[in-house]
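Written below as structure tokens is the structure these notes are about.
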Amino acid sequence: MSVEIENVKWETAGLGPVEALQKLADLYPGEIVFSSSFGWEDQVITHMIFANNIPIKIFTLETGRLFPETYYVWNRTMEMYGQPIHAYYPQHELLEQMVNAKGPNSFYESVENRKECCGIRKVEPLNRALKGNKCWVTGIRAEQSANRQFMENTEWDEAHELVKFHPIFDWTLDQVKEYIKQYNVPYNTLHDKGFPSIGCMPCTRAVREGEDFRAGRWWWEDQSKKECGLHEHEAK
């Protein structure tokens, strides 16, 4: 799909994030979605979409293990903008089978168990959320992890067969914070407590000074790869 990727790059070249999102909504009417986990970056893009009435569906993955602060900012965001955020839940049969067999915290026991949990709670619901769409917008930034340095702001997602676009890919964290402050965007207060990356509550801790951005995610595992399967990318 190199032709389609090159077309998207050409159509969005030189555009700011808002203009690029508007252009993509025109290119893929009714077939473009944005996935939010209510972190800093996602709240910035949510504001861009809602404040400018860009017709892009926003969804989130409700794993059932989120922080209370995440639920608060989710609700506050819906109240502030008066727009829906669509929730995708795990299939209860798969979740019940895993928990009945291995208990509620089996992900601590092995990488395989953790990936199984992520697969049920996040990857499978994501597949349903993306089905039938042609463009997936995310809040990924290049500086978030070493694995993401090899990515570009526009990619072809082979697994889901769609265009993947990261509108603030080149932004720094300071730019993200400044945008939130400028537009009074609601954000997860865990960010103020040392949580740069916020996922499920049992799998996320605050990051210590000098640690990598994603050191607080699945901290009991090998620190060299911190992805859950949603945004895996191989270096080229």
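The values are calculated or read from the model by the stated rules, or taken from the named source; none is laboratory data. These numbers were taken from a predicted model, which means no experiment stands behind them. Just so you know, the surface numbers come from the protein's heavy atoms only, side chains and all, with ligands and any DNA or RNA stripped out. Shrake-Rupley method; radii C 1.70, N 1.55, O 1.52, S 1.80 Å.
Between Lys9 and Glu143, full extension at 0.36 nm per residue minus the direct alpha carbon distance yields a gain of 46.2 nm. Using a probe of 1.4 Å, the accessible surface attributed to Ile198 totals some 20 Å² when neighbouring protein chains are kept in position. The listed residues Trp220, Trp136, Trp74, Trp10, once ranked by accessible area (1.4 Å probe) with the largest placed first, stand as Trp10, Trp220, Trp74, Trp136. Helix 173-183 and the long axis of the chain differ in direction by around 70°, with both axes built from C-alpha atoms. Counting only DSSP beta bridges whose two residues both lie in the chain, roughly 35 percent are antiparallel. Between Asn188, Asn100, Asn153, the residue with the greatest mean-square fluctuation in the GNM of the chain (Cα pairs under 10 Å linked by springs) is Asn100.
Using a cutoff of 8 angstrom between alpha carbon atoms and counting only pairs six or more residues apart, the relative contact order for the stretch 80-224 works out to 15 percent. Counting only protein heavy atoms and a probe of 1.4 Å, the accessible surface of the stretch 146-206 is 48% carbon and sulfur. Accessible area of Arg128 (1.4 Å probe, protein heavy atoms only, ligands and nucleic acids ignored): about 90 Å². Choose one answer from Ser36, Ser110, Ser197: the residue with the largest mean-square fluctuation in a GNM of the chain with alpha-carbon springs under 10 Å. Judging by the Gaussian network model, the answer is Ser110. For the chain, the solvent-accessible area works out to 50 Å² per residue, with a probe of 1.4 Å and every protein chain left in place. For the chain, the longest principal axis of the C-alpha atoms and the axis of helix 68-81 are separated by about 20°. At q = 0.08, 0.13, 0.14, 0.15 Å⁻¹, what is the base-10 log of I(q)/I(0) for the chain according to the Debye formula with one equal point scatterer per Cα and no solvent? Please give it to two decimals. Taking Cα atoms of the chain as identical point scatterers yields -0.29, -0.80, -0.94, -1.10.
Taking 0.36 nm per residue of separation and subtracting the Cα-Cα distance, full extension of the segment from Ala206 to Glu96 would add 36.7 nm. One chain, two ends: Thr172 and Lys131. Fully extended at 0.36 nm per residue, the span grows by 11.7 nm beyond their Cα-Cα distance. When the chain is treated as a GNM, springs tying every alpha-carbon pair under 10 Å, which of Ala206, Ala142, Ala51 comes out with the largest mean-square fluctuation? Looking only at Ala206, Ala142, Ala51, the largest GNM fluctuation is found for Ala51. With angles folded into 0 to 90 degrees, how steeply does helix 2-12 sit against the dominant principal axis of the chain? Use alpha carbons for both and round to 10. The answer is roughly 60 degrees.
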